[in-house]
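Beneath this line is the structure, given in C-alpha cells, with notes to follow.
Where a number appears in this text, it was derived from the coordinates with a stated rule and is not lab data. Computed from a prediction, not measured in an experiment: that's the story for all the values here. Here Cβ is always computed from backbone atoms with ideal geometry, including for glycine, and neighbour counts include all displayed protein chains.
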C-alpha cells in the first residue's frame, strides 16, 4: 500500500498513531529517496538476553576452551614477516 505524505514546515512527517513510539532506521538512497525500516531497539544491558547473541557468545566460549592461549615465538614471527 502506497501513501503520499507531505513534509510539514517543521520538517516532520506524520505516520499516524499506529506508528507512534516505534523506532525506525532511516536509509537515504543515492537518488535522494528515503526508506524507513521499523527497528527494535534493545538496551545495552539487555542485549545478552537475545538468543542469537547468547548463542554466538557461547560458540566463542567453546572455541576458546578448544583453543587455549599459547606463547608466541616472536623470533619465528619476525622471520615470517621479514623483520630481523
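As an exercise, use a Förster radius of 25 Å and the Cβ-Cβ distance of residue 9 and residue 40 to find the FRET efficiency, rounded to the nearest 0.05.
Details: r = 31 Å, r/R0 = 1.25.
According to the calculation, E is roughly 0.20.
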Paired Rg and Dmax values of the chain, which use every Cα atom, in angstrom: 24.8, 68
Residue 56-residue 20 pseudo-label distance in nm [points 7 Å out on the Cα-to-Cβ vector]: 3.5 nm
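Working from the pairwise distances between different alpha carbons, so that the mean of 1/r is found and then inverted, what is the range 22-68's Kirkwood radius in Å? Don't skip to the end; give the middle numbers.
Values: mean 1/r = 0.0731 Å⁻¹.
Value: 13.7 Å, from the Cα pair sum.
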Estimated FRET transfer efficiency (residue 70, residue 48; beta-carbon r; R0 41 Å; 0.05): 0.90
Rounded to 10°, Cα long-axis angle of helix 51-66 versus longest principal axis of the chain: 10 degrees
